[in-house]
1. Could you check how many residues of the range A:299-311 are under 18 Å from the mean Cα position of the chain (by Cα) and without any contact (Cβ under 8 Å) to a residue 24 or more places away in the chain?
2. In the range A:1-96, which strands (runs of 3 or more DSSP E) lie fully inside it and hold 2 or more residues that are acidic (D, E)?
3. Which numbered condition trips up A:E166, out of (1) surrounded by fewer than 24 Cβ atoms within 10 Å (Cβ to Cβ); (2) under 28 Å from A:A23 (Cα atoms); (3) more than 14 Å from chain B (Cβ to nearest Cβ)?
4. Which ranges mark the helices (runs of 4 or more DSSP H) fully within the range B:28-106 that have 1 or more residues being in contact with a His (Cβ under 7 Å, 6 or more places away or on another chain)?
5. Look through the range A:169-187, keep the residues that are among the hydrophobic types (A, V, I, L, M, F, W, C) and either touching a residue at least 60 places away in the same chain (Cβ under 8 Å) or touching a helix residue (DSSP H, G or I) at 6+ places or on another chain (Cβ under 8 Å) (or both), and return whichever of them is surrounded by the most Cβ atoms within 10 Å (Cβ to Cβ).
6. When residues of the range B:1-54 are filtered for being within 19 Å of B:V79 (Cβ to Cβ) and in contact with a Gly (Cβ under 6 Å, 6 or more places away or on another chain), how many remain?
7. Go through A:T98, A:T168 for me and flag whichever is hydroxyl-bearing (S, T, Y) and within 20 Å of the chain's Cα centre (by Cα).
8. Restricting to the range B:252-267, name every residue that is crowded, with 20+ Cβ neighbours inside 10 Å and aliphatic (A, V, I, L, M).
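Bear in mind that the values in this text are calculations on the coordinates, not laboratory data. Because the structure is a prediction, the values reported are computed rather than measured. Cβ atoms come from the backbone with ideal geometry, glycine included; neighbour counts cover every protein chain shown.
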Amino acid sequence: MAEATGDTVIAATGLRKLYGRKAAVDGIDLAIKRGEIFGLLGPNGAGKTTTILMLLGLTEASGGSITVAGFNPMREPLEVKRHVGYLPDSVGFYDNLTARENLRYTGRLAGIDREELDERISDGLRHVRLLEVGEQKVGTFSHGMKRRLGLAEVIMKRAAVAILDEPTSGLDPQATFEFLDMIRGLKADRVAVLLSSHLLDQVQAVCDRVALFNHGKIAIEGTVEKLSQQVLGGGYGVEIEATGSDLTRILGGISGVQRVTEEGPGKYRLVAARDVRAELGAAIVASGGALMRLDHIEPSLDTVYRHYFEGQQSEGQHGAA
Amino acid sequence: MARRSGSVWTGCGTVFMKEFADHLGSGRMRVLEWLVLLTGIGAVYTAIQDLKNTTSQDPFLFLRLFTNAHDPLPSFIAVLGFLIPLVAIGLGFDAVNGEFSRRTMSRILAQPVYRDALLMGKFFAGLATLTVALVTLWLLIIGLGLLTLGVPPSGEEVIRGIGFLIVSIAYGGLWLAVAMLCSVIFRAAATSALVALGIWLLMSVLWPLLSQFITNAIFPTTELNLIMGPSYEQIMLQETLARISPNTLYAESLLGIMHPTTRALGPVFMEQLEGAVMGNPLPLGQSFLLVWPQVTSLIAGVIVLFVAAYTVFQRQEVRA
């Protein structure tokens, strides 16, 4: 197998896809390494699924170059598909067949040896905790079980790359938690995982790097911390619940505090250059106020995402006016 | 377009085995088989009642089992001409759109196989199912004939019987290709089934009437026609039009193969009949030569329809 440069298993440059004259994907660059979990974020219709289909060779790209596991999906789609496991966002199985029979069919299509296949199916089912129901018809499975079965298929394939499209949509919190854990298991096996999602807290929990899609382009890309610095300006955020008179002025007077906003009665949010929590507490108590809560705001992807798209919208409105 | 690497046949066998097993085990297939079996046996049974009286006179007794019609029941091959399309449509109408509605399509196409393999595997699985059903039926009828008539079939009758099987499979394949084309074009299985059945009704019931109607419109009946019968042009046009329908092709093929006394499938001039001994059967080779155009047309139809389905399928977006 031809390895791509170093550990990079997915490399795309200037990737474009036109539907008529409209560009669904407009010149994106990606580089994903082995053992990395990469998240594609963005609103519906931003081009995430189209990108995934192009990486798989299921849709022909209009421009740019792609290498997946060392192969070009347009010229050697079979080789690419041999090395890529794919979990579509709406995953379905043959209801009249058992879980094992379903996997056996795709396993045979994937060209896995007959002798090896049963072993690998068991392996996949064990990973997603479906081994006991392997002989049951998939028609009896719940939504979450079907998704896990889809993941079992990816594991069975022992692919170098796993592409998961909205892997946790429609799952209950417990199932989501378990599912994310299984995705981390893939990472431990040195699989490059590419997942798309609009459920941000989950992406944050599991992804090493993310790319924010907007109108077919990657708007920003990097680790969650880097993104929040880029979008939020990288201050140290603190949330305070306290009562007392004239707190805004008192808090604003502490050295290092850049901005204080009163968000509601007794609720404040401030941005500082460094960790100023100790000084804040002392100042509030010294002023005779009562401190209920003092909390560091983790830079969350949710904030980044909202901040970014709010910024986009207001820019758009300015442009229109 | 860039040249593809890898074999088109990769995975075709796997798809074939899975679909074949699905067909044989499906309730739909069982219903269709019972339908064919009951009507077929009914037709053959009445034929046997007729034949018992003429056992000693007829050189092609076994073929009569298939072709003898006894009011009110049509002959066995007429029943098949009507029912084979129904079975074929039943096997194929949700072949491709079913994968989309079950949401299995993107999962299957993410495996290292070409779309060709999927389509071909499904087509051949349907064809194999039809073949199994037809061969079983054929053997059953021969068995019935042996039991009730007490005469074994001659070698020529067996060969003509095999010819009948081949033509029937080609005919079934054509309707299977029609159904699969519908299943590729229409995303809803119900629409696909309705359109396929509509084409079937058009071809089997309406088309013979329409071909007459069109001929009349182009060559209006004159007074001479009333005395002399239809002109050569009229007959030729009507026959050509009628042969657009696969049902006509099938009926004519079987007429040639199963009725050895058939000498021509179109108009015959008096000069051509000079020296002919009427009512004498044609030799085997000549019978097959007679229906050769009909049979090749059927097979060509299968290929054209399959290619059409293939082309549409290749252009389809995988995203459901």
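1. So the answer is 1.
2. Qualifying strands (runs of 3 or more DSSP E): A:22-33.
3. A:E166 satisfies all of (1) surrounded by fewer than 24 Cβ atoms within 10 Å (Cβ to Cβ); (2) under 28 Å from A:A23 (Cα atoms); (3) more than 14 Å from chain B (Cβ to nearest Cβ) except (3).
4. On the way: elements: B:61-67, B:76-92, B:97-101.
Because the criterion is at least 1 residues that are in contact with a His (Cβ under 7 Å, 6 or more places away or on another chain), the helices (runs of 4 or more DSSP H) in the range B:28-106 that meet it are B:61-67, B:76-92.
5. A:I183
6. So the first thing to find is which residues in the range B:1-54 are within 19 Å of B:V79 (Cβ to Cβ), and the list is B:29-51.
The next check asks that each one be in contact with a Gly (Cβ under 6 Å, 6 or more places away or on another chain); those that pass are B:32.
The total comes to 1.
7. Answer to the selection: A:T168.
8. Within the range B:252-267, B:L254, B:I257, B:M258 meet the criteria.
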